[in-house]
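For reference, the structure discussed in these notes is given below.
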Amino acid sequence: MKRVLITDDANFMRLSLKQILTKNGYEIAGEAENGEVAIKLYRELKPDIVTMDITMPVLGGLDALRGIMALDSNAKVIMISAMGQEHLVRESIMGGARSFIVKPFKEDVVIRALSQFV
């Protein structure tokens, strides 16, 4: 079972992802409300996959992506954001993200993005 670290500053988004993922056979390794916590939890929990919001307080998703990639160049990070602008997608992918999902997302889109790592 693949272990996922969910990172989003909105509690309802974390809950939504948690429900989708557990329903589809993923284990939730942990939850982070900002990028700083995500990096700390990544180091501690060593999840298989990370979902990462882009816009968050304290430390944003792009900086957290860079921090996680510095710890583990093979990290599987999927960016999730309401801001689907092309430059953010490009910057995320260039930074090491494996995929990009735009909010509001549908269950099948989330599962398709994560299933490439099963």
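Here, each number is a calculation from the coordinates, and none is a lab measurement. As the structure is a computational prediction, the values presented were derived from the model and not from experiment. So basically every Cβ, Gly included, is an ideal-geometry build from the backbone, and we count neighbours across all protein chains shown.
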Original post:
Which of the lysines could a cross-linker span from residue 23 if the Cα-Cα distance has to be under 20 Å and same-chain partners fewer than 8 positions apart are dropped?
Top reply: 2, 103, 106
**OP:** Would you order 22, 51 from fewest to most other beta-carbon atoms within 10 Å of each residue's own beta-carbon?
**Re:** 22, 51
Original post:
Rounded to whole Å and sorted largest first, what semi-axes of the equivalent ellipsoid does the C-alpha gyration tensor of the chain yield via the square root of 5 times each eigenvalue?
Top reply: 18, 16, 14
Original post:
Using a ≥ b ≥ c from the Cα gyration tensor of segment 61-118 (square roots of the eigenvalues), is it rounded, prolate or oblate, where a/c under 1.5 gives rounded and otherwise the larger of a/b and b/c decides, a/b for prolate?
Top reply: oblate
